[in-house]
Amino acid sequence: MIVDGKTLKGGSVIDADVCIIGGGVAGIVTARELLKNVGNIVLIESGGENYSPESQELYSPSKPHNSLYPDPSHTRLRFLGGASNHWENNTSPFDPIDFEKRNWIKNSGWPISYETLKPYYPMAGSYCGVGGDGYETGYWQNKLDLPDITTSSTVIGTGIAKAAIPATRFFHVYGKELVSADNVRIFTNSNVVDVEFNSESKKVDKVFFESAPGVRSEVRARIVLMCCGGIENARLLLHFNKKYSNKLGNAGDNVGRYFMDHPMVRGAHFYPHETTELPLYEGVKLADKVVIGFLKLSEESLRANKINNVRMPLIPATNYTVSDGISSHHIMMDSFRDGEVPDDFGTHLLNFIQDIDMVGEAISRKVFDTKIFDHADEKGAYQIAMMVEQSPHRDNRVTLGDDVDRYGIQKVKIIWEVKEDDKDRLWKALEIVAQEVGAKGLGRVRLLKERSDRVWGDQMGFGHHHMGTTRMAASEVEGVVDSNLKVFGTENFYMSGSSVFPTGGHVPPTLTIVALSIRLAKLISERLEHDQ
Amino acid sequence: MINKYRRKMIFASTLISFSGVTFGKGLPFYPLKTKVNPNQEFSEVYAVWISVMGEEPAAYLMKKGIHDLDNKRLLKEMSVKDFESGATLSVNGFVLSYTEAAAAACIGSAYINSGPFGSRLV
């Protein structure tokens with residue numbers, strides 16, 4: 001059933017076997033997996049069943065916000081279903097190498113291997129609405145009868161992404177089952193504000209939540225699980241630890257650190273040979289999903305060249321979208337605004353003049369909302385739009401800022417940047433791809449390194465995948481949760497979601513979040529059964 | 001209206017296939033025949049080539065045993081070997097094999113030398 005927290009008058013005491021904090025993807029999947037084996041489940045959600053500005057406002061960061069990172073106020077959604085209410089449903093599994101300790105990526109290495117999660121990926125695919133038929137390139141190449149242009153290469157390969165049609169909104173799809181279950185109670189409009197931690201038993205005995213400032217109730221549970229997302233998990237854990245002297249997983253000062261996202265970088269153009277067939281890479285629409293191929297580097301190549309993993313979809317591009325003149329215009333204007341003349345001013349001026357039709361098109365579209373030239377929309381090349389695996393750096397972090405929300409909890413402050421070594425490795429990856437594309441006669445690649453400032457600046461996009469802030473590790477010196485996602489220093493306190501990822505891989509995280517959550521539910525069920 | 005991007009497309013596709021480039025036989029590289037109008041992109045290749053490699057592109061190709069740019073099969077073979085061994089040159093971001101860059105630079109050299117008042121192109 002659903003209980004609106006606003007109907008509680010405060011002072012309520014709720015007992016549960018498992019208390020799940022957060023009704024997003026991880027929380028919903030874990031609750032649904034626990035249904036069969038656990039007698040009494042409570043799920044606490046800050047928002048309601050739909051979007052509300054009042055709830056969403058609690059995600060706003062402390063001011064001033066870091067200009068290098070997008071304001072996280074609306075990149076997450078604070079109501080049942082969480083970010084699945086606006087995701088694109090783009091799914092792919094991590095590669096085996098993503099879990100490994102790679103000596104060229106400091107702080108890399110998961111305490112579990114790909115093999116640990118592999119059994120859970122098919123079910124995770126079903127949860128995401130894309131089926132359990134996997135992501136094996138050969139399978140999809142045969143099934144769709146479309147060529148994989150990388151089959152003869154040991155340097156590059158083709159990965160498969162799948163997206164459900166329509167996108168799976170997790171509460172919309174799985175909520176009814178939870179709401180109708182006798183052993184699940186969902187408390188909405190209920191904001192967790194504190195926990196009570198017993199330092200002798202090392203258990204979180206109580207979870208306190210408020211439906212309005214000061215209107216407080218509590219949950220007493222055998223197991224407490226936080227599934228609030230990559231930023232909020234860290235924020236709440238830092239908040240709890242103020243009272244408990246960092247005993248909740250923060251002995252190594254790791255909570256909030258190693259914050260990662262997936263920078264989205266359009267760093268190159270691909271000019272295919274006329275015989276190169278790319279329909280697999282442009283996407284195939286099936287009855288219930290879209291299947292799309294993307295270029296990637298082989299694990300052998302990643303190892304040999306010591307580079308981070310990277311996903312390289314090929315995006316059909318028009319004359320307009322890859323215009324040098326428009327790009328040079330932006331570079332010149334940015335410099336002029338700062339009272340400077342840009343480097344390579346002559347080249348930019350020449351680009352501007354030679355590409356004046358596309359500059360005129362841009363002005364017309366922006367100012368008059370009118371298109372002028374038909375050839376602006378002609379396709380000729382592909383943008384290589386990379387999802388970059390960001391290395392986990394300790395000084396990229398989520399911490400607590402000076403501002404507080406209406407429940408008295410400090411808002412987040414985000415310190416984040418892309419380090420130069422990650423940029424260098426990306427360019428290296430592109431050079432390797434360019435050479436292999438040439439060697440295999442697939443076409444030619446043009447790197448946009450000369451406009452690196454823009455590629456990594458105002459043209460850079462984000463996956464808005466918040467990862468790494470309560471990282472999984474072998475010990476509390478290196479991380480926040482253990483390989484079973486139990487918070488170090490505690491006996492009954494768990495975390496799930498992308499906050500536990502030690503590294504972020506090269507693909508969107510949701511499929512792996514779901515796989516981890518299914519596994520965690522199994523571990524919790526086994527533990528509860530064992531304890532009885 | 002000039003569109004640099006479309007010219008780059010032509011430039012790229014020319015390099016991919018060498019299909020539009022032929023050279024006179026007997027006197028390698030000069031006098032030069034070409035079906036493609038030598039243009040600014042190719043002269044850019046020449047400038048980068050000289051700056052990075054420090055020798056005339058024709059001399060480079062001859063050292064590699066390429067005396068006839070009509071021999072597309074040999075050019076492609078050499079080009080593939082270049083890509084496989086990482087023998088590449090970046091020109092305005094385009095990653096080109098040494099062989100194709102040298103060939104393009106030869107055309108660029110002809111373009112630079114032709115000028116508005118006379119042409120070495122035949």
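Arranged from fewest to most other beta-carbon atoms within 10 Å of their beta carbon, A:Thr503, A:Thr7, A:Thr321, A:Thr150 become A:Thr7, A:Thr321, A:Thr150, A:Thr503. Report, for the protein assembly as shown, the % of DSSP beta bridges that are antiparallel, rounded to 5. Taking every DSSP beta bridge within the protein assembly as shown, about 70 percent pair in antiparallel fashion.
Calculate I(q)/I(0) for region A:9-69 by the Debye formula, one identical point scatterer on each C-alpha and no solvent, and give its log10 at q = 0.15, 0.16, 0.29 Å⁻¹ to two decimals. Each listed q maps to, in turn, -0.66, -0.72, -1.18. Need the list of aspartates and glutamates near A:Lys379 for cross-linking: C-alpha distance under 18 angstrom, and skip anything on the same chain fewer than eight residues off. Straight-line reach from A:Lys379, under 18 Å: A:Glu274, A:Glu277, A:Glu282, A:Asp324, A:Asp355, A:Asp357, A:Glu361.
Filter the trypsin sites (Lys or Arg not before Pro) in region A:454-532 down to the DSSP loop ones having no more than 14 other Cβ atoms within 10 Å, then list what survives. Filter output for region A:454-532: empty list.
Please compute the volume of the convex hull spanned by the alpha-carbon atoms of region A:403-532 and report it per residue in Å³.
Normalising the Cα hull of region A:403-532 by residue number yields 195 Å³.
Which of the aspartates and glutamates could be linked to A:Lys289 by a straight reach, that is with a Cα gap under 17 Å, when you skip same-chain ones fewer than 8 residues away? Within the straight-line cut-off, A:Lys289 pairs with A:Glu88, A:Asp133, A:Glu136, A:Asp145.
What value, in deg cm²/dmol to 500, does the helix sum -39500 (n - 2.57) over DSSP H runs of n ≥ 4 give at 222 nm once divided by the residues of chain A? All intermediate terms of the calculation are to be shown ahead of the outcome.
On the way: 15 runs with 145 residues, N = 532.
It lands at -8000 deg cm²/dmol.
Residue by residue along B:93-99, Cβ atoms of other protein chains within 10 Å of the local Cβ number 6 on average. The distance separating the Cα centre of region B:38-110 from that of region A:347-362 comes to 28 Å. Looking at region A:260-296, which GluC sites (Glu not before Pro) are in a loop (DSSP not H, G, I, E or B) and have at most 16 other Cβ atoms within 10 Å? For GluC sites (Glu not before Pro) across region A:260-296 that sit outside H, G, I, E and B with at most 16 neighbouring Cβ atoms in 10 Å, the list reads A:Glu274, A:Glu277. Size descriptors for region A:321-376, from the alpha-carbon set: Rg then Dmax equal 11.8, 36 Å. Note on A:437-446: average number of Cβ atoms from other chains within 10 Å of each residue's Cβ is 6. Remark: A:Asp338, A:Asp95 ranked as A:Asp338, A:Asp95, counting other beta-carbon atoms within 10 Å and listing the fewest first.
Which entries in the list A:Lys106/A:Lys243; A:Lys423/A:Lys449; A:Lys247/A:Lys486 go over 22 Å, if you measure between the two C-alpha atoms of each?
Pairs exceeding 22 Å: A:Lys106/A:Lys243.
Over all alpha-carbon pairs in chain A, figure out the percentage whose distance exceeds 37 Å. Within chain A, distances greater than 37 Å cover 33 percent of Cα pairs.
Less than 13 Å Cβ to Cβ from A:Ala167, Lys/Arg counted +1 and Asp/Glu -1: what total charge do the surrounding residues give?
+1
Remark: A:Arg78, A:Arg266, A:Arg446, A:Arg220 ranked as A:Arg220, A:Arg266, A:Arg446, A:Arg78, counting other beta-carbon atoms within 10 Å and listing the fewest first.
Enter the Cα centre distance for the pair region A:46-115 and region A:251-296, rounded to the nearest angstrom. Distance between centres, Cα-based: 17 Å.
Please compute the net charge surrounding A:Ile363, taking Lys and Arg as +1 and Asp and Glu as -1 over other residues with Cβ under 15 Å from its Cβ. Numbers along the way, then the final one.
Values: positive: A:Arg365, A:Lys366, A:Lys371; negative: A:Asp355, A:Asp357, A:Glu361, A:Asp369.
Residues close to A:Ile363 contribute a combined charge of -1.
Among the trypsin sites (Lys or Arg not before Pro) in region A:400-431, those located in a DSSP loop and surrounded by at most 15 other Cβ atoms within 10 Å of their own Cβ are A:Arg406, A:Lys419. Plainly put, region A:423-462 has a radius of gyration that is 1.05 times its Kirkwood radius, both from alpha-carbon atoms, as the Rg/Rh ratio.
Hey, what did chain A get for relative contact order, percent, Cα under 8 Å, at least 6 apart? Computed over chain A, the figure is 25 percent.
Report the net charge of residues surrounding A:Asn103, where surrounding means a beta-carbon distance below 13 angstrom and charges are Lys +1, Arg +1, Asp -1, Glu -1.
+4
Residue pairs exceeding 31 angstrom between C-alpha atoms, taken from A:Lys296/A:Lys371; A:Lys118/A:Lys143; A:Lys428/A:Lys522: A:Lys296/A:Lys371; A:Lys428/A:Lys522.
Laboratory data are not the source of any read-out in this text; all were calculated from the coordinates shown. The structure presented is a predicted model; accordingly, all values stated were derived computationally and were not measured. A quick note on method: Cβ atoms are made from the backbone with ideal geometry, for glycine too, and the neighbour counts reach across all protein chains shown.
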